[in-house]
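Enquirer: Okay, here's the structure, questions in a sec.
The values are calculated or read from the model by the stated rules, or taken from the named source; none is laboratory data. On a predicted model such as this, the values are computed, not experimentally measured, just so you know. Every residue, glycine among them, receives a Cβ derived from its backbone with ideal geometry; neighbour counts consider all protein chains shown.
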Amino acid sequence: MLPGNIYRRMALTGKVSLVIVSIIILVASSISVFIIREEKKLLESELKKRGAEIARNLSRLSIKPVLHEEVWGLYGLIKEIIKGEDPSSENIVAYAMVLNRKGEVLAHSDPKKFRVWSPLEKNSLNEMAMASQGLLIQTIHQDVEGDQIYDVALPIFIDNERIGVVRVGVTRRYVDAALERITLNIILITGILGLMGVALGVILTGRVTRPLRKLTDFVRGISSGRLDRRIEISPDGEIGQLTSAFNQMAIDLDKRTREIAESERKYRSLFDFAEDSMMRLDRSGKVLAVNKREEWIIGYHEDELLGKELTTILPERYWDLFINIFRETIDKNKKVPTSEIEVVSKDGRLIPMELDLTGICEGDRVVSVQIHLRDITKRKLLEKQVEQSRRLSDLGEFAGGIAHEVRNPLARIMMGAYTLKEAAPDKGERARALDNILKGVVDLNRFVTELLNYTGRMELQRDKTDINKILDSTLFNLTEEAVRSRVKITLKLDPELPKANVDGVKMDQVFSNIIRNAIQAMPDGGALTIITDYKPCPVDMHMGMKGKTNGVKPGLIKISLSDTGSGISKKDIGKIFNPFFTTRAKGIGLGLVLVHRIVEAHGGKIDVESREGEGCIFKILLPFVPDYQYHDEEEVKITPKRNSERS
Amino acid sequence: MFFALIRKGYIMPKKFRCFIFALTLTFLLRADIAAQYAVASQEPLRIGLTAVIVEDFLQLNRHLLQYVGEKIGMPVELVLRKSYQEMNDMLEKGEVDVAFVCSPPYILGHEKFGLELLVVPQIDGQPLYYSYVVVPKDSEAKRFEDLRGKVYAFSDPLSNSGKLVPTYFLAKMGETPETFFKGYIYSHSHYNSIEAVAVGLVDGASVDSYVWDLADATDPRFTKKTKIIEKFIPFPFTPFVIRKEIDPVLKERIRGAFLNMHSDAKGREILSKLRIDKFVKVPDSFYNPVRKMLNFVKDSKIQEAKKPAGPKVGITKSPKER
């Protein structure tokens, strides 16, 4: 038999077929053992009977020839017996002989070996045969060909006188051959029955397994997500029940899956359009998911971050901090207080953000960590502005005080000096001293005025102004300085640049301050590149407004001014817009403060990027809002659309 | 008698059994009819043949006799018997008219009841034949004398070539078959003797040269397993004999039919199949050499009988001698 585990692993068809075949073989072999045994007995007894019959005939026919010693006649009889009655049937007679009363051969089927009148070899078989009083059947175990032989001996009597013995040897060869044939037939029939058994097994189990196979396919389909499929319900009992259970399961599963998908969608949209940037990290710190907000802020697409570590977007100085927080969250599921970090966007900007980590648990174990990054750029800016305003206001108050306190003495000094000059008309040394005093007073007064200018309220006189034209006139005024310093100026001005609503005089101050600084930063010559550009807003900002903007979308006017000068050190770059910060011996550190103030007063933004020794770039962004023309009749559909021009 | 015959039929080849039985029955009925009505004119000519020489070439002989019957214008009835002795007995009783018997039976019949010669077949130019001593092909015997102490086969007790000739030569050596051989059997046919030698039943046999040659030419199954080691001098051939009582006119008609056989096509065809040139008429004295042998053997047997009985007597007796 098969080892149990192989049997257990076999398909149902195999099992059933095996069982059927085993039963058939068992039954067939037990029946065949019985049949063969019975058949053997029957054939043996038949053979003995036939042997006895032949011996009886020979004995009857031999009486006279033996009496008369008619050897030729006896030989003829034996020849006939050996030849067989039916030439087509097998001759069972192995030998035949007629012996006289002395035991000498009168005739033998092998006359050459058993000569006439020669005695037979003395052995128990021959002696027993000679001594037999009636039919005697002895078994000779082997003849020359290896077959068993029954030796049938029958005495020849006449008038109760024993005149000789007839002996016939019948071979068992045909019995064995017949038994072999029967065995072969039984094996053949068993084989055929076995095959039929296998076929039956296949057919029977096919009826059971066909629906099962259908079910299996169905379940596989479900596994691979084809939940909408249903299986035909077969009418019969258990399979039918099973099928309908499976169908119900598929329906439920489909419903659940839809619910889950719906929930997932809801979650995803919450996740994506949440106010905060959100990411999910697995336990090893790899990114599992990134929401849309995050994508917008840092510029990376979700695909670019999946599987990466957060260090990709985190400046190195925050790594330790982040790892600590992450460990705390993941190992202890501890809520760590919000920390402020900076994130590097795809285009290399540093974005200040608030970092919050939340462990997502399955049971007690934290399986992933949700990261909330809140963009605090605005807040930072606000803080900075507040700080600056505060400082400026302090400075204003201070400057006002100084002006008040300084101007009165100055007026008096001026008055005094003036009077003294009037009173001493000579042009001598005294007069020169008085002139110096007056000049000093005027300088001092201008400084005070300038100080008040910087610190005082910014009044803008806005008008539709072409920024390109302002830049032109600014550069015109500074041509001499530029030529002197051998600075090459390149202009890439956007001719489509819309006219901005700005204070032209103030913007001229902005540009001249920056350009002058640039020229001064390149005392040995260099290149100054000025680029203007217009960027329409990525989101349609006139949403909800009625009217049209003549094709121009609101957006940002971008002015970038780059030089190849000495640049600003990393240390100083954050301070350049602070009042009184200057790197030059002659400067008072108020030029860029004024620039900053003017840009901010316009609702714009100014940034500086620099690498020490390679120059710096000032980037000014000015908001542009086009004039709306209203058409009352026209209903403008509120369709937020994503602008393809978004970069 | 009939049952004995039937029984004896069993020892004949199968194809003859029924035939012999039928013949025997016919003969029985016919004998009854003959006894009751004795209608001589309606009676056919009864020609007897013995197994000794004819049985295995029965068809050929039947053609011969039919031919003769046609020639003499009488129905011919074929009567077959196993031994010459039986045939002689029938001739004596008038149960057979014409018979093909060996020379010793003729001589004995001539002496006893005036049996007459009819014709003799002529083979190879002479009405003579030989007595062959035949042994198995692988036998070591080279001469007849080498067969001493062996088992021997004779054809018929009254056969010339199959019994008398070897007995004569043994008598000349001062031996009888009983003293010379371990034992002997009667096969009742030259053809059987050849078979007995071929299958190894006996170590040697005396066979009619005519039968051996005819068998060798037509059916060499057994002859090819045997070899001839002696050819005893030619003897007068087996004659057709006729009862003395037959009407002389009829006698001559029958003789004429035989003698003229070779002169017509049908007769020649039968003769050639039987390997006979023609039939010839010979005088009684033609058989004198056989008479001499018979007498010699008889004389020596008388002498033998006077001797004390040997140990082998009894084993080898033929049924008729018992």
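Enquirer: Restricting the search to region A:116-126, which residues are of a type outside the set (S, T, N, Q) and under 30 Å from B:S187 (Cα atoms)?
Expert: Once the filter is applied, which keeps residues that are of a type outside the set (S, T, N, Q) and under 30 Å from B:S187 (Cα atoms), region A:116-126 yields A:V116, A:W117, A:P119, A:L120, A:E121, A:K122.
Enquirer: Please go through region B:127-141 and pick out each residue that is assigned to a strand (DSSP E or B) and under 17 Å from the mean Cα position of the chain (by Cα).
Expert: B:L128, B:Y129, B:Y130, B:S131, B:Y132, B:V133
Enquirer: Let me ask another. Do we have any residue at all in region A:456-475 that's in a helix (DSSP H, G or I) and modelled with pLDDT under 85?
Expert: no
Enquirer: Okay, moving on. State whether the residues of region A:44-57 include one that is within 14 Å of another protein chain (Cβ to nearest Cβ) and modelled with pLDDT under 90.
Expert: Yes, that holds for at least one residue.
Enquirer: Applying the selection to region A:315-333, what residues are in contact (Cβ under 8 Å) with a residue 24 or more places away in the chain and more than 13 Å from A:G285 (Cα to Cα)?
Expert: A:P315, A:Y318, A:N333
Results for (1) within 20 Å of the chain's Cα centre (by Cα); (2) of a type in the set (D, E, K, R); (3) within 14 Å of chain A (Cβ to nearest Cβ), shown as yes or no for each residue.
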| position | (1), (2), (3) |
| --- | --- |
| B:N192 | yes, no, yes |
| B:G200 | no, no, yes |
| B:A215 | yes, no, no |
| B:K227 | no, yes, no |
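Enquirer: Pick from region A:158-184 the residues that are among the charged types (D, E, K, R) and touching a helix residue (DSSP H, G or I) at 6+ places or on another chain (Cβ under 7 Å): which of them is surrounded by the fewest Cβ atoms within 10 Å (Cβ to Cβ)?
Expert: A:R172
Enquirer: Right, another one. Return only the number of the condition from (1) over 17 Å from the mean Cα position of the chain (by Cα); (2) more than 7 Å from chain A (Cβ to nearest Cβ) that B:S209 does not satisfy.
Expert: Unmet for B:S209, out of (1) over 17 Å from the mean Cα position of the chain (by Cα); (2) more than 7 Å from chain A (Cβ to nearest Cβ): (1).
Enquirer: Within the bounds of region A:382-405, is there any residue that is under 28 Å from A:F273 (Cα atoms) and either surrounded by 15 or more Cβ atoms within 10 Å (Cβ to Cβ) or at pLDDT 80 or above (or both)?
Expert: The answer is yes; a qualifying residue exists.
Enquirer: Still on this model: Determine which member of the set B:G149, B:G183 is within 14 Å of another protein chain (Cβ to nearest Cβ), surrounded by fewer than 24 Cβ atoms within 10 Å (Cβ to Cβ), farther than 18 Å from A:E69 by Cβ and more than 15 Å from the chain's Cα centre (by Cα).
Expert: Unique residue meeting the criteria: B:G149.
Enquirer: Select from region A:101-126 the residues that are in contact with a helix residue (DSSP H, G or I) (Cβ under 8 Å, 6 or more places away or on another chain), part of a loop (DSSP other than H, G, I, E, B) and more than 21 Å from A:I140 (Cα to Cα) and write down the one among them that is nearest to the other protein chains (Cβ to nearest Cβ).
Expert: My answer is A:K112.
Enquirer: Now, a different point. Looking at (1) farther than 30 Å from A:R207 by Cα; (2) exposed (fewer than 13 other Cβ atoms within 10 Å of the Cβ); (3) not hydrophobic (A, V, I, L, M, F, W, C), which is the only condition A:R8 fails?
Expert: Evaluating A:R8 over (1) farther than 30 Å from A:R207 by Cα; (2) exposed (fewer than 13 other Cβ atoms within 10 Å of the Cβ); (3) not hydrophobic (A, V, I, L, M, F, W, C) leaves (1) as the failure.
Enquirer: Six or more apart or on different chains, Cβ atoms under 6 Å: show the pairs whose first residue is in region A:24-39 and farther than 25 Å from A:V198 by Cα and whose second is loosely packed, with under 15 Cβ neighbours inside 10 Å.
Expert: Every condition considered, no pair remains.
Enquirer: Sticking with this one: Within the bounds of region A:156-165, is there any residue that is within 18 Å of A:G51 (Cβ to Cβ), at pLDDT below 85 and assigned by TED's automatic domain parsing to the domain that holds A:F34?
Expert: No, region A:156-165 contains no residue that is within 18 Å of A:G51 (Cβ to Cβ), at pLDDT below 85 and assigned by TED's automatic domain parsing to the domain that holds A:F34.
Enquirer: For B:E140, indicate whether it is surrounded by 15 or more Cβ atoms within 10 Å (Cβ to Cβ) and out of contact with any Phe, Trp or Tyr (no Cβ under 6 Å at 6 or more places or on another chain).
Expert: no
Enquirer: Any residue at all in region B:168-176 that's surrounded by fewer than 22 Cβ atoms within 10 Å (Cβ to Cβ) and within 14 Å of chain A (Cβ to nearest Cβ)?
Expert: Checking region B:168-176: not a single residue is surrounded by fewer than 22 Cβ atoms within 10 Å (Cβ to Cβ) and within 14 Å of chain A (Cβ to nearest Cβ).
Enquirer: Looking at region A:75-96, is at least one residue in contact with a strand residue (DSSP E or B) (Cβ under 6 Å, 6 or more places away or on another chain), within 9 Å of chain B (Cβ to nearest Cβ) and assigned to a helix (DSSP H, G or I)?
Expert: Within region A:75-96, one or more residues are in contact with a strand residue (DSSP E or B) (Cβ under 6 Å, 6 or more places away or on another chain), within 9 Å of chain B (Cβ to nearest Cβ) and assigned to a helix (DSSP H, G or I).
Enquirer: Hey, another quick one. Pick out the one residue from B:E70, B:E116 that is free of Cβ contacts under 8 Å to residues at least 12 places away in the same chain and within 23 Å of B:K278 (Cβ to Cβ).
Expert: B:E70
Enquirer: Still on this model: Please verify whether B:K163 is surrounded by 24 or more Cβ atoms within 10 Å (Cβ to Cβ) and either under 16 Å from B:Y186 (Cα atoms) or within 14 Å of chain A (Cβ to nearest Cβ) (or both), treating the condition exactly as stated.
Expert: yes
Enquirer: Conditions: (1) surrounded by 14 or more Cβ atoms within 10 Å (Cβ to Cβ); (2) of a type outside the set (D, E); (3) not in a helix (DSSP H, G or I). A:G225 meets all but one. Number of the miss?
Expert: Exception for A:G225: condition (1).
Enquirer: Go through A:S62, A:S22 for me and flag whichever is within 30 Å of B:S155 (Cβ to Cβ), among the hydroxyl-bearing types (S, T, Y) and either within 14 Å of chain B (Cβ to nearest Cβ) or assigned to a helix (DSSP H, G or I) (or both).
Expert: It is A:S62.
Enquirer: Which number in (1) assigned by TED's automatic domain parsing to the domain that holds B:L259; (2) in contact (Cβ under 8 Å) with a residue 40 or more places away in the chain; (3) in contact with a helix residue (DSSP H, G or I) (Cβ under 7 Å, 6 or more places away or on another chain) marks the one condition that B:V76 misses?
Expert: Every condition holds for B:V76 apart from (2).
Enquirer: Give the number of residues within region A:406-416 that are over 14 Å from A:F447 (Cα atoms) and either of a type in the set (V, I, T) or out of contact with any Leu (no Cβ under 9 Å at 6 or more places or on another chain) (or both).
Expert: 7
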